[in-house]
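See structure below.
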Amino acid sequence: MKDLIVVMASYLLGCINTGYYFIRIFYKQDIRTIGTNVTGATNVSRIAGKKGFAITLAGDFLKGVATMVLCRSFEVGDTATLVCIFAVIAGHVFPFQLHFKGGKGLSTTLGAMLLHAPMTVIYVLVIAGILLVFVKKRTISVLMALLILPIVLLAADYAWEYILLFFALDAVFLYAFRENIRAYRGKWRH
């Protein structure tokens, strides 16, 4: 029962989209109707500049950190911790109170992974850095690195639960980045 409560709390924590509330409170606008139509730091910077970017990035990052602190504080099991990581990211991407229209989840993922499994962050950064040389787009490079990550984790002999987490997260990321993928594919064809 305790694990289930922490999973639900993780999802609800994820639903607190920093960029949405920052822009709503200080600029009286809905960030989801501007630019890329998401609540993330890059989109927030279109209205609020570097300050908005930094606040949104920090707030979303700290949700991932807070989830790991919750898991440790309540001593949830390993599998439940992975479900909590998924829940906080799903909450960010699919916040119920914003009609399931949130951000893309990278900052929240980074916050959770830095505390839970820092090597995964290093793997993603190295893979993305290599891909960036060829792809020339940061967002697409990071997305591709995240898609490759389960294979790297398999080769590095991670537990199957961890590999499944990243397969599930990849499905969420593919949905969240669908517009970036369409734009990249359109440019690549021409």
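Number of residues in segment 40-89 that are within 14 Å of residue 10 (Cβ to Cβ) and out of contact with any helix residue (DSSP H, G or I) (no Cβ under 7 Å at 6 or more places or on another chain): the value is 3.
Please specify each residue of segment 148-167 satisfying the condition of being among the hydrophobic types (A, V, I, L, M, F, W, C) and surrounded by 16 or more Cβ atoms within 10 Å (Cβ to Cβ). Steps first, answer last, please.
Of all residues in segment 148-167, those among the hydrophobic types (A, V, I, L, M, F, W, C) come to 148-149, 151-156, 159-160, 163-167.
Result: 148, 149, 152, 153, 163, 165, 166.
Pick out the one residue from 125, 146, 165 that is within 22 Å of residue 107 (Cα to Cα), free of Cβ contacts under 8 Å to residues at least 24 places away in the same chain, in a helix (DSSP H, G or I) and not assigned by TED's automatic domain parsing to the domain that holds residue 78. Steps first, please.
Values: 146 fails: free of Cβ contacts under 8 Å to residues at least 24 places away in the same chain; 165 fails: free of Cβ contacts under 8 Å to residues at least 24 places away in the same chain.
After applying the criteria, what remains is 125.
Residue check, residue 170 against (1) within 24 Å of residue 62 (Cα to Cα); (2) over 18 Å from the mean Cα position of the chain (by Cα); (3) among the charged types (D, E, K, R), all met but one. Which one? Failing condition for residue 170: (2).
The values are calculated or read from the model by the stated rules, or taken from the named source; none is laboratory data. As the structure is a computational prediction, the values presented were derived from the model and not from experiment. Every residue, glycine as well, gets a Cβ built from its backbone with ideal geometry; the counts of neighbours run over all protein chains shown.
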